[in-house]
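Let me begin by presenting the structure, written as structure tokens, before commenting on it.
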Amino acid sequence: REATHLVALPAGEAAMLVVPTCDVTLHWVACPGMTVRQGAAAAPLLALESSIGPADALHAAIRAAEDPEEPHIVAVTSRDAMEKWIAWCEEAGVPNAAIVPAAMLLPPPEEGFVGGRIGDEDVLRGPDCAFAAHEAHAPMIVGEAPVGVLRAPEVERLLVAALGEPPLDLRQGLFAHRRGQSIDPAWLKRVGVLAGGVALGSLLIALVTIARFHIEASSLDARTVALASAQVPNAIDAADADARLSALLARRGATGGMTGTVAAVMTAMRAAPGVSMRSLAQMADGSLRVQLASARAEDINTVLIALQNAGWRVAANGVQQQSAQTIADITVASS
């Protein structure tokens with residue numbers, strides 16, 4: 001940053017932080033018998049189990065194999081190191097920079113080792129291992145195996161290629177990239193149009209429902225006036241018909257209207273406990289239509305006689321037998 005005087009990278013440009021080999025341990029973990037996806041899930045756990053230190057203080061990132069028979073490469077480092085590297089990237093103005101272990105930048109050789117200088121350290125990579133050349137155990141690992149050395153231009157070419165496609169980015173899991181999501185004005189406009197359409201549709205549904213209820217209520221009022229016209233022919237509307245019928249029943253009635261008629265029926269039913277009432281309806285002329293049921297027809301007759309003795313006019317509309325019960329439809333009106 002000091003050399004370029006950049007505060008942040010231009011839009012669309014990529015950045016990469018290469019971290020020392022000694023701070024990251026690479027594991028080649030084979031998962032035979034598993035699919036690639038299963039192995040990629042299991043390999044980091046196996047690598048953490050074989051690492052030094054508690055698992056909750058370590059961070060594992062994986063480069064999954066393409067073939068289920070090939071080993072997965074898992075990089076293990078400490079969470080403290082990851083937090084330090086991410087803070088450095090943010091301070092340097094490259095918060096979304098990839099974090100790549102230096103050893104992963106070298107291509108894997110088919111045999112022996114390949115070496116190159118990356119930053120301030122010399123790195124060696126074999127088919128299934130990678131380490132810094134200055135480490136004490138490096139000569140023992142290399143032994144008599146051939147070592148191919150990459151020159152600076154070749155290493156630089158590998159670095160540039162890794163910018164576009166990092167071979168293993170440590171920013172995974174808890175340390176994955178946090179990209180801010182900007183709101184697309186076109187998307188926001190579509191959402192507004194859809195919301196307006198939903199609101200308009202809801203309003204139309206409500207208006208149609210209200211109109212349907214109004215039509216049904218008007219039809220019911222007309223039927224009410226038509227039914228009441230036999231007794232109150234001058235009724236203007238349903239409310240007027242109801243008021244006129246109530247007044248007519250009150251004039252007829254020492255019987256107390258519908259309430260008095262129902263009370264009389266219930267009183268008469270006390271004389272025959274086996275009788276039950278199945279339905280009840282008030283007719284337009286003020287009479288009461290009742291459906292009585294009993295296991296014995298004699299009990300229903302007892303109720304009818306009790307009503308007649310109390311001064312009520314009783315008419316039988318029909319009698320039928322259902323299963324073991326006798327059903328009688330009767331009309332009760334004041335005398």
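The values are calculated or read from the model by the stated rules, or taken from the named source; none is laboratory data. In this text the structure is predicted, and so the values were computed from the model without any measurement. Positions of Cβ are backbone-derived with ideal geometry, glycine not excepted, and every protein chain shown enters the neighbour counts. Surface accessibility is based on the protein's heavy atoms, side chains included, excluding ligands, DNA and RNA. Shrake-Rupley method; radii C 1.70, N 1.55, O 1.52, S 1.80 Å.
Could you please tell me which pairs satisfy a Cβ distance under 8 Å, a separation of 6+ or placement on different chains, a first residue in region 1-30 that is part of a loop (DSSP other than H, G, I, E, B) and at pLDDT below 60, and a second residue that is open to solvent by 70 Å² or more (accessible area, probe 1.4 Å) and charged (D, E, K, R)?
Sorted first by the residue in region 1-30, then by its partner, the pairs are V7/R1.
Any idea how many residues of region 265-286 are surrounded by 15 or more Cβ atoms within 10 Å (Cβ to Cβ), more than 56 Å from the chain's Cα centre (by Cα) and modelled with pLDDT under 85?
Going through region 265-286 one residue at a time, the tally reaches 2.
For region 51-63, give me the residue count where each residue is crowded, with 17+ Cβ neighbours inside 10 Å and either without any contact (Cβ under 8 Å) to a residue 60 or more places away in the chain or in a loop (DSSP other than H, G, I, E, B) (or both).
The number of residues fulfilling the criteria is 2.
State all residues of region 114-133 that are free of Cβ contacts under 8 Å to residues at least 60 places away in the same chain and closer than 16 Å to V74 by Cα; if no residue qualifies, say none.
Residues satisfying the conditions are R125, G126, P127.
Tell me the residue from A199, A132, A195, A162 that is modelled with pLDDT of 85 or more, under 53 Å from the mean Cα position of the chain (by Cα) and under 23 Å from L58 (Cβ atoms), please. First the steps, then the outcome.
On the way: A199 fails: under 23 Å from L58 (Cβ atoms); A195 fails: under 23 Å from L58 (Cβ atoms); A162 fails: under 23 Å from L58 (Cβ atoms).
Only one candidate qualifies: A132.
Does region 155-171 include one or more residues that are out of contact with any helix residue (DSSP H, G or I) (no Cβ under 6 Å at 6 or more places or on another chain) and either over 18 Å from M104 (Cβ atoms) or polar (S, T, N, Q) (or both)?
No, the conditions are met nowhere in region 155-171.
So which residues in region 100-117 are open to solvent by less than 50 Å² (accessible area, probe 1.4 Å) and farther than 15 Å from L158 by Cα?
The answer is G112, F113.
Among the residues of region 85-99, write down those that are under 38 Å from the mean Cα position of the chain (by Cα) and closer than 13 Å to D23 by Cβ.
Matches in region 85-99: W85, I99.
Tally the residues that are open to solvent by 40 Å² or more (accessible area, probe 1.4 Å) and either without any contact (Cβ under 8 Å) to a residue 24 or more places away in the chain or assigned to a loop (DSSP other than H, G, I, E, B) (or both), restricting the search to region 134-171.
As a first pass, look at region 134-171 and keep what is open to solvent by 40 Å² or more (accessible area, probe 1.4 Å): 134-137, 139-141, 143-144, 146-147, 149, 151-154, 156-157, 159-161, 163-166.
Checking the rest, the ones that are also either without any contact (Cβ under 8 Å) to a residue 24 or more places away in the chain or assigned to a loop (DSSP other than H, G, I, E, B) (or both) come to 134-137, 139-141, 143-144, 146, 151, 153, 156-157, 160-161, 165-166.
The total comes to 18.
Condition (residue is within 26 Å of T224 (Cα to Cα) and of a type in the set (G, A, S)) applied to region 297-313: is it met by at least one residue?
Of all residues in region 297-313, those within 26 Å of T224 (Cα to Cα) come to 313.
From the residues that got through so far, the ones that are of a type in the set (G, A, S) too are none.
No, every residue in region 297-313 fails to be within 26 Å of T224 (Cα to Cα) and of a type in the set (G, A, S).
Those residues that are of a type outside the set (A, V, I, L, M) and more than 24 Å from S78 (Cα to Cα), I need them from region 32-49; list them, please. Before the answer, list the steps.
At the first step, the residues of region 32-49 found to be of a type outside the set (A, V, I, L, M) are 32-33, 35, 37-39, 44, 49.
Once the filter is applied, which keeps residues that are of a type outside the set (A, V, I, L, M) and more than 24 Å from S78 (Cα to Cα), region 32-49 yields P32, G33, T35, R37, Q38.
Please verify whether region 100-113 includes one or more residues that are more than 26 Å from E70 (Cα to Cα), free of Cβ contacts under 8 Å to residues at least 24 places away in the same chain and not hydroxyl-bearing (S, T, Y).
Step one: filter region 100-113 for residues more than 26 Å from E70 (Cα to Cα), giving none.
No, region 100-113 has no match at all.
With respect to the numbered conditions (1) without any contact (Cβ under 8 Å) to a residue 12 or more places away in the chain; (2) under 21 Å from L158 (Cα atoms), which one is the sole condition not fulfilled by K84?
So K84 meets the others, but not (2).
Would a scan of region 36-45 turn up a residue that is closer than 30 Å to E110 by Cβ, without any contact (Cβ under 8 Å) to a residue 60 or more places away in the chain, part of a loop (DSSP other than H, G, I, E, B) and open to solvent by 60 Å² or more (accessible area, probe 1.4 Å)?
Taking every residue of region 36-45 in turn, none turns out to be closer than 30 Å to E110 by Cβ, without any contact (Cβ under 8 Å) to a residue 60 or more places away in the chain, part of a loop (DSSP other than H, G, I, E, B) and open to solvent by 60 Å² or more (accessible area, probe 1.4 Å).
Any idea which residue in region 189-235 is farthest from D285 (Cα to Cα), counting only those that are outside any helix (DSSP H, G or I) and open to solvent by less than 90 Å² (accessible area, probe 1.4 Å)?
Filtering first and then ranking leaves A235.
Residues G119, G112: which one is among the small types (G, A, S) and modelled with pLDDT under 90?
Of the residues listed, the single one that is among the small types (G, A, S) and modelled with pLDDT under 90 is G119.
Can you tell me which residue among F175, F213 is in contact (Cβ under 8 Å) with a residue 12 or more places away in the chain and within 44 Å of the chain's Cα centre (by Cα)?
One residue alone meets the criteria, F175.
Please pick out the residue among D128, D122 that is open to solvent by 60 Å² or more (accessible area, probe 1.4 Å) and part of a strand (DSSP E or B).
Result of the check over D128, D122: D122.
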